[in-house]
Every structure is written in structure tokens, then in C-alpha cells.
Amino acid sequence: MNSNPRQLKLLDVVRARGSVTVEELADGLGVTLQTVRRDVQRLAESGLLTRFHGGVRVPSSTIENIAHTQRESLNADGKAAIARAVAGQVPNDCSLIINIGTTTEAIARALLGHHGLRVITNNLNVAAILSSNARCEVIVAGGVVRPRDRGIVGEPAVDFIRQFKVDIALIGISGIEADGTLRDFDYREVKVAQAIIEHSREVWLAADHTKFNRPAMVELARLSQIDRLFTDKPPPEPFPALLADADVRLDVATQRGAP
């Protein structure tokens, strides 16, 4: 589904509070109960919310991610803003590793105007996007291809990544928890991402605001292992202090049309 701004705001409210009644959502958003119920139904059908009698809550699963097609449309404008911000900081004639995720795929599209890039990736979507740029070289890791998102995972991918030392790693993440851990759902994907971090001179994390306080099962890294964080809204508490303590540079991207 393509979530509209009202539905994205509704999601933000539910994520911030954990659970909320339909009446509270209608009052907070300044819309009718019927409008909220329609939005909730669409978001629940897409797996973004879970309904209970009289209200909604965030999905409780820490072991399974939202489907790739749903993640592509979720906060697409925010991801596009992040992608433009990242691309604006990536120099020409450098080496990159780009991992799995819809935000990193948006970054790949934003890099199509660059030249002289050597890009290593375990994401077939990223490879397909950047392979149309004849001025860049794309190297694809070997391993098991996950059908749901065309990500490449497993030990062969880890071993492949370990051959390189690149200038910048551009990584996505499923969740950033309040203890400063970066988390994801598939331990095989996490192993590849950990190798990417270890074999990059700088690590840039691209995560839209929905990733803050989102739980996931597997610890990938800690904020102290990241050099820069690109996001689309100022992080909520306690993340500003965590980022400062970890000496992570924060870049908040501006969406087109925003003041």
C-alpha cells in the first residue's frame, strides 16, 4: 500500500505509545472515527498495525520483518530524502559496500549520477539499479538469495565480503533500540552486515524515523560502531544523548517541499 501523510502520522503515534484507542487517534489527528477506522483497517491489512477491541498496537513480532513490497512504500518520501542526503556526501571515485534494505535501494537510485564508484553489494536490487550506470562497477557477493527481497545471505557472502576493505559502508537496519543496539531479523543477514562493518573504513547508517525504538531479535552492532547516521526526522529521546556519547555524526535529511 501507499501510505498517505495522515496514515504515516497515525503510525508514528501508535509506535510512540505502543497502543492507543481509536477514539484517541481520532482526537489526536483531528479526524472522524470513520476515517481512523478506514486507515487502521488498511494499515492492519498491510501488517503495519495489529487491531484489538477498540484500538490498535504495534505488531509484537521481533522475529519477522514487514514484507519488502510494504516496506518500499512505507515512508517512501523520508527514505528518498535520506537517499539524496547520503548521495550528496558520497564522493565520486570511491569504493562502497551497500547492504540489504529498501532505504539502501533508494540510495542506489540516488547514486546513478555518480562516476567512478566501485560498489560491492549483497542486494540484487541494488546491483540491478546501479548496473545501469556504465560509469560505475558493481560487484555482487555470492551466497543464498532470499526470494522475498533478493538479498544475498549466508557464509559464502560473509567470506566474499572479507576479501575487501572499502571507503564507505552504506547500511540499513530494521530497528534501533533504546540501549544503543542496532537490530535485525535474520541472523544470516546480520552476519553479512557485521562483516561489512568490519571491512569498511567508515560506516554510514541510513535509517528513517520509524526505526527508532523498533524491536528486532538479532543484535547487529552498537551505535559506537557507526560513524554517521542519516535519518529523516530528529531522533526521539534517549537517542540524541546516545548518539553524542557514541560520537556519531547525525544528518537529518529534509524532504522536498519542507520549510
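What follows is calculated from the coordinates using simple rules that are stated; it is not laboratory data. As the structure is a computational prediction, the values presented were derived from the model and not from experiment. Cβ placement follows ideal geometry from the backbone for every residue including glycine, while neighbour counts extend to all protein chains displayed.
Couplings for region 202-210, taken from phi via the Karplus curve 6.51 cos²θ - 1.76 cosθ + 1.60 with θ = phi - 60°, read 9, 10, 10, 9, 10, 8, 6, 5, 5 Hz in order; Gly and Pro are left as x. Phi angles of region 225-230 translate, via the Karplus equation with coefficients 6.51, -1.76, 1.60 and θ = phi - 60°, into HN-Hα couplings of 8, 9, 8, 9, 10, 9 Hz per residue; Gly and Pro are given as x.
Cross-link reach is defined here as a Cα-Cα straight distance under 21 Å, omitting same-chain residues fewer than 8 places apart; for residue 165 the lysines meeting it are 191. Here region 209-239 is scanned for amide nitrogen atoms under 14 Å from the site 7 Å beyond the Cα of residue 94 along Cα-to-Cβ, giving 227-230.
Taking Cα centre as origin and charging only the Cβ of basic (Lys, Arg, +1) and acidic (Asp, Glu, -1) residues, the dipole magnitude of region 5-60 rounds to 140 debye. What angle, in degrees between 0 and 90 and rounded to the nearest 10, separates the Cα long axis of helix 76-89 from the longest principal axis of the Cα atoms of the chain? Helix 76-89 and the main axis of the chain meet at about 30 degrees. Using the alpha carbon gyration tensor of region 69-252, what are the three equivalent-ellipsoid semi-axes (square root of 5 times each eigenvalue), largest first, in whole Å? In descending order the semi-axes read 23, 18, 16 Å. In this rough spin-label picture, where each label sits 7 Å from Cα along the Cβ direction, the residue 247-residue 21 distance is 5.0 nm.
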